[in-house]
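Here is the structure we will look at, set down as structure tokens.
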Amino acid sequence: MRTRNISLLGLLAIVTCFAIGISHVITSIRLARANAELTSLRQRLELIDVDDTDQIAARRLPTSEQFLNRWVVRLPDPKEKRLYANWGTAPLTELCNLNAAGLRTFGLAPNPDTHETFVQMRFVLNPNDPNWGSVVIEIDGKISHITVNPEIVSLLMGETPAKTISVSDSPTIRSSTSPLTLYSVESTSGDGAALCLWIDGVEPQDGG
């Protein structure tokens, strides 16, 4: 009976091929997992798909913190859009107007590659007088504070019956000429308190 002797060099070649094959399988699995994680991350954090690149869009980002709202906003041309905030004892139709009194305006500077920017709205009570509070607007790290009176505090705390509208986890898409409301809350108890945060065209100049 003949016995085949495998040389050391041949054995080494077999082991090497086997190791390369195992390494290829492991690398393929890791790559597939990395691609899946990347896709999941992009869906959670940013990159809103739109059919028309001239459209504006927004979607809410996940947060477990109470009184905190975060959105990613897509703007095709940031020079033509601003973020506005207004509040008071008037109907939303009056408050959400570029000619309304007390209007606060915020510039937007999206990433030039994705055309997206991040907007955050946080409500906090005044530690020295909890009847008053602040709405803190943060846009890509730039923070602005808006002092709100007891009527708005009660509204935002949920102590006053109200109707609330907010952009959800699913993208809200509008034409480039339409306003897009990120968040609005209006009392339904008859006191008229309301607050609105929205994106609209550039505020008209005096006399224009």
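The values are calculated or read from the model by the stated rules, or taken from the named source; none is laboratory data. Predicted model only: the values in this text are computed from it and were never measured. For neighbour counting, all protein chains shown are included, and Cβ atoms are generated from backbone atoms with ideal geometry for every residue, glycine included.
Side notes on the structure shown:
- Condition met for Thr105 (under 22 Å from Ala57 (Cα atoms) and either part of a strand (DSSP E or B) or not assigned by TED's automatic domain parsing to the domain that holds Leu75 (or both)): yes
- Being touching a strand residue (DSSP E or B) at 6+ places or on another chain (Cβ under 6 Å), among the hydroxyl-bearing types (Ser, Thr, Tyr) and under 17 Å from Ala194 (Cβ atoms) is true of Thr160.
- Close pairs (6 angstrom Cβ cut-off, 6 or more residues apart or separate chains): in the same structural domain as Asn86 (by TED's automatic domain parsing) in the range 177-197, in a strand (DSSP E or B) and charged (D, E, K, R) anywhere: Pro179/Asp200; Leu180/Arg174; Glu186/Lys163; Thr188/Lys163; Ala194/Glu186
- Counted residues, the range 53-72 - those being of a type in the set (Val, Ile, Thr), in a loop (DSSP other than H, G, I, E, B) and under 23 Å from Gly201 (Cβ atoms): 1
- Taken residue by residue, the range 93-111 has no member that is among the hydrophobic types (A, V, I, L, M, F, W, C), out of contact with any strand residue (DSSP E or B) (no Cβ under 7 Å at 6 or more places or on another chain) and within 19 Å of Arg70 (Cα to Cα).
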